[in-house]
Amino acid sequence: MGYFCRSEMENSGSYEIVVGLEVHAQLLTQSKLFCGDSIAYGAAPNTHVSPITLGHPGTLPKMNRRAIEHAIKMGLACHCEIEKKNYFARKNYFYPDLPKGYQVSQHTTPICKGGYVKINTGEGEKKIRLNRIHMEEDAGKSLHDVDELNTAIDYNRAGTPLVEIVTEPDIRSSEEAFAYLTEVRKLVRYLDICDGNMEEGSLRCDANISVRKKGDLKLGTRVEVKNLNSIRNVKRAIDSEAERLIGILERGEKVLQQTLSFDANTGQTVSIRDKEDADDYRYFADPDLTPFHLQDEFIEQLRAAIPVLQEERILRYTTELSLTGYDASVLTEDRAAADYFEAIIQHTPNSKAAANWMLGPVKSWMNEHNKEISDFPLPAEQLARVIRLVDTGKLSFSMASSRLFPVLLESPDKDPEALATANNMLQQSDASAIGPVVDAVLEKLADKVADYKKGKKGLLSLFVGEVMKQTKGKADPKLTNEILLERLK
C-alpha cells in the first residue's frame, strides 16, 4: 500500500470515497440450483457431484423451485420490483472452478430490480439503493495447500444456488459499508434464506471502490476487491484501498482499473489482473433451461410468508411494550432470539422483566457457552414462570437469577416454584420473621445508625445489604426497606 507523504495526508480530506458492493449469498436449499446434488457444507472433496454438476455431455439441468422462492423473498424484503418473465443465460469465461466452462446466471432479466436497504449512520438513516438481485450458480473451490506442485479442485460447491445483491455506488465510507453488510446479513438470516456465515463462504462480498474530489459528479476509475470473507475485512479493504488511490492521484499518476484481492494478514490489497475494459462474457440464453414466468398469486403468497422483520419489531416493542430503543434493537438483532422473547411474553404481561432476562442471564449463558438461542435448554414458558415468582414477591430477582436459574437449567422440565421451595430459596415476606433480623442488624451497627440519624441517609443500603446477608438473600427487599425506615424513625 505504501505510505502517504505529508502533503498527501493533508489533502486526503478533500476526497470522497465511492463504493458499490456485490454480495453473494448461498441460498438455504437442500440441493443445487439445477440438480439434486447436496449442498451440505464440510463433505469430503468431490462427493457432492454428479454428471450434471460436472457438465457431462447429454445432461439436462432442472430448476430448483425453492431457490426461486428465496430470491423473491429477498427482493420483496428489499422493496424491489419482481421481474415476472425470467430466463437464465450462459456467462462464458474460463475459470478452473467452473466444470462446464461457463456459469449459468441471469443477465438482462434479474429476478429483482431496484429496491434499497436502510442503514443507520452517524448522520441518521440512509437508503442504499440496489441495482439488482439476480440468481446464479456458484463455482467450485480451488485448494492451493493440498499438493505442493498442483492446485486441487473441489466441485462440491459448484452449482450451489446464489443470489447476487448489487448496490448502486451509494456508499461513502467503510463505516457505511460495514453497516450495510450487517443489515444484509441480518436480513438473509431473518428470512431464513442464507445462514450468513462468511467464514464458511456462504456470504461473500466484492467491493468496487473509487475516489474523487469532493463536489465532483463524475465517478473516478474503480478497482474491484474480490472475495472478502468478513464484514471487518470489507471495512479494512475499503480504507486501505481508498488510501492507496488517493496517494496515486495526489502524485499525479493514473489509476488503473484493476481486480484485487485483500491480504487480511498485511491489511493490503494485491493486484490479480488489470482490466482496462469490461469483460465480454458473451452472454446468451441457456438453451437447456426454459424461461419461467411468475404469477402475481405466487408472489403474493411469498410476501405473506415473510416474517416480521427487525424494523417493524423495534417499532412495536418501543410503542406497544414501552421498551427502550436500545433494548428493542438488541432484542431483535437475531430473529430466533426475538421469537423466544415473544414466546416469553405470551405467558407474562411483564415485557420489561422478560427483556431484562433476555439481555441479562440468558445472554450471559449464550456468551459463556458460545451457544445460540436455539441451544438454550429452558422453554420460554418456564422462564415466564420464574418472572411470575419474582413479580408476586415469592422470589427476589437476585435469588432467581443467581441460584434458581442455574438449577432450573439442569432440570428445565421441573416446576420453578417447586425447585425454589426444595432448595430453600423462597423469599421471606413475613414482617414477623424479618423484623427480628432488622433489629439485630441495627443493634450490631449502632454507630452507623447514629450516623444515619445525623443525615447520612445513604447508609440505608448498608442496612438492607446486611439483612439480606443474614437471611441468605431470602428477605423481601421492599418489606425490609419498609421495616428499616420504620425502625430508624
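The values are calculated or read from the model by the stated rules, or taken from the named source; none is laboratory data. Owing to the predicted nature of the structure, the values given are computational and were not obtained by experimental measurement. As a convention, Cβ positions derive from the backbone with ideal geometry for all residues, glycine included, and neighbour counts pool all protein chains shown.
Quick look at the values:
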item	result
Of residues in the stretch 228-256 being hydrophobic (A, V, I, L, M, F, W, C) and farther than 14 Å from residue 20 by Cα, the one surrounded by the fewest Cβ atoms within 10 Å (Cβ to Cβ)	256
Tally, over the stretch 366-416, of residues that are assigned to a loop (DSSP other than H, G, I, E, B), over 30 Å from residue 189 (Cα atoms) and among the hydrophobic types (A, V, I, L, M, F, W, C)	1
In the stretch 440-449, the residues that are in a helix (DSSP H, G or I) and either surrounded by 11 or more Cβ atoms within 10 Å (Cβ to Cβ) or not assigned by TED's automatic domain parsing to the domain that holds residue 482 (or both)	440, 441, 442, 444, 448, 449
Criterion: part of a strand (DSSP E or B) and closer than 21 Å to residue 170 by Cβ - qualifying residue of 218, 226, 235	226
Residue list for the stretch 261-279, filter: in contact with a Phe, Trp or Tyr (Cβ under 9 Å, 6 or more places away or on another chain) and not in a strand (DSSP E or B)	279
Any hit, the stretch 282-299, residues being β-branched (Val, Ile, Thr), within 28 Å of residue 230 (Cα to Cα) and outside any loop (DSSP other than H, G, I, E, B)	no
Count of residues meeting criterion [of a type in the set (D, E, K, R), under 42 Å from the mean Cα position of the chain (by Cα) and part of a helix (DSSP H, G or I)] in the stretch 468-485	1
Residues satisfying the stated conditions in the stretch 232-257, i.e. β-branched (Val, Ile, Thr) and within 24 Å of the chain's Cα centre (by Cα)	234, 238
Residue check, residue 393 in contact (Cβ under 8 Å) with a residue 40 or more places away in the chain and under 27 Å from residue 483 (Cβ atoms)	yes
Wholly enclosed strands (runs of 3 or more DSSP E) of the stretch 107-172 bearing at least 3 residues touching a helix residue (DSSP H, G or I) at 6+ places or on another chain (Cβ under 7 Å) and buried (at least 16 other Cβ atoms within 10 Å of the Cβ)	124-137, 161-167
Tabulated pairs, the stretch 36-65, first within 21 Å of residue 88 (Cα to Cα), second surrounded by fewer than 16 Cβ atoms within 10 Å (Cβ to Cβ) and of a type outside the set (Ser, Thr, Tyr), C-beta under 6 angstrom, 6+ apart or interchain	59/51; 60/288; 61/288
Members of the stretch 42-85 that are under 26 Å from residue 155 (Cβ atoms), touching a strand residue (DSSP E or B) at 6+ places or on another chain (Cβ under 8 Å) and not in a helix (DSSP H, G or I)	45, 46, 48, 61, 63, 64
Selection within the stretch 364-381 - closer than 24 Å to residue 316 by Cα and crowded, with 16+ Cβ neighbours inside 10 Å	373, 380
